1. What whole number of Å gives the distance from the Cα centroid of the range 1-61 to the Cα centroid of the range 105-142?
2. Relative contact order for the range 2-157: what percent, with Cα pairs under 8 Å and sequence separation of 6 or more?
3. Mark the label point 7 Å from the Cα of Ile56 along Cα→Cβ and return the residues of the range 90-124 whose backbone N is within less than 16 Å of it.
4. Please order Arg122, Arg48 by the number of other Cβ within 10 Å, starting at the fewest.
5. If you put +1 on each Lys and Arg Cβ and -1 on each Asp and Glu Cβ, how big is the dipole of the range 2-157 around its Cα centre, in Debye rounded to 20?
6. Calculate for the chain the 222 nm mean residue ellipticity that helices alone would give, adding -39,500 (n - 2.57) per DSSP H run of length 4 or more and normalising by residue count, nearest 500 deg cm²/dmol.
7. Would you mind ranking Glu3, Glu28 so that the residue whose beta carbon has the fewest other beta carbons within 10 Å leads the list?
8. Taking the 0 to 90 degree range and rounding to the nearest ten, how far is the long axis of helix 65-85 tilted relative to the main principal axis of the chain, both from C-alpha atoms?
Amino acid sequence: MVESLANFAQITGIYAVMNSPWGWPTAESLHFLGLSLLIGTVGVFDLRLLGVGNGISFAALHRLVPWGVGGYLLNLLTGTMFLTTAPDQYLFNPAFQMKLLFMLIAGLNMLLFYSTTAASVRGSAATAGLTARAKTIAAISLLCWSLVIVCGRLITYYRPPYHWCFWC
C-alpha cells in the first residue's frame with residue numbers, strides 16, 4: 001500500500017510539487033482554509049440545531065452548505081497530496097487512523113440527519129424547538145469534527161514506539 005501510494009505521487013507529479021520549496025506549506029495553508037470553511041459551516045449549523053442563535057432560519061444556514069462542501073473537497077485534495085507524498089507517516093499513525101474513523105462517523109451521522117431529520121428541521125420555524133434526535137445528531141457532529149481537528153493536529157507528534165532492541 002505504501003509503495004502504491006508513493007508510486008502514484010511520483011507518476012502524477014504530486015511528489016515533485018509537494019517537495020518543492022512552497023509545495024508543502026501551500027498545501028497546509030489550503031488544508032487549513034478548507035478546514036475553516038468546512039468547520040465554519042458545519043459548526044454554525046450544528047450550534048443552531050443545539051439552540052444557539054435561535055431566530056436564524058435553517059434555510060439561511062443551508063445556503064452555506066456549498067461553502068462547507070467546497071472546504072471538504074479542498075481538504076480531500078490536499079489530504080490526498082499529504083498521504084501520497086509521505087504514506088508511511090500517515091498509514092501507520094494512530095492519530096491519522098482515528099481521524100479517518102471520526103470522519104467516517106461524521107459522514108454517517110450526516111447521512112442519518114439528511115435521511116431522517118433534515119426535512120422536519122427545514123420546515124420548522126426559526127424560533128421553534130427541535131427534536132432530541134436533531135440535537136443528538138448535532139452534538140455527535142460537533143464532537144466528531146472537533147476530534148478530527150485534534151487528531152489531525154496530533155499526526156505530526158506521533159513517533160513510533162522505541163523497541164527494546166536496536167536492530168528491530
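1. After rounding, the separation between the Cα centres reads 23 Å.
2. Here the relative contact order equals 32 percent.
3. The answer is 122.
4. Arg122, Arg48
5. 600 debye
6. -24000 deg cm²/dmol
7. Working: Glu3 9, Glu28 13.
Fewest-to-most ranking of Glu3, Glu28: Glu3, Glu28.
8. On a 0 to 90 degree scale, this one is about 10.
Readers should treat all values here as calculations from the given coordinates under stated rules, not as data from a laboratory. All values reported here derive from a predicted model rather than from experimental measurement. Using ideal geometry, Cβ is built from the backbone for each residue, glycine included, and neighbour counts are taken over all protein chains shown.
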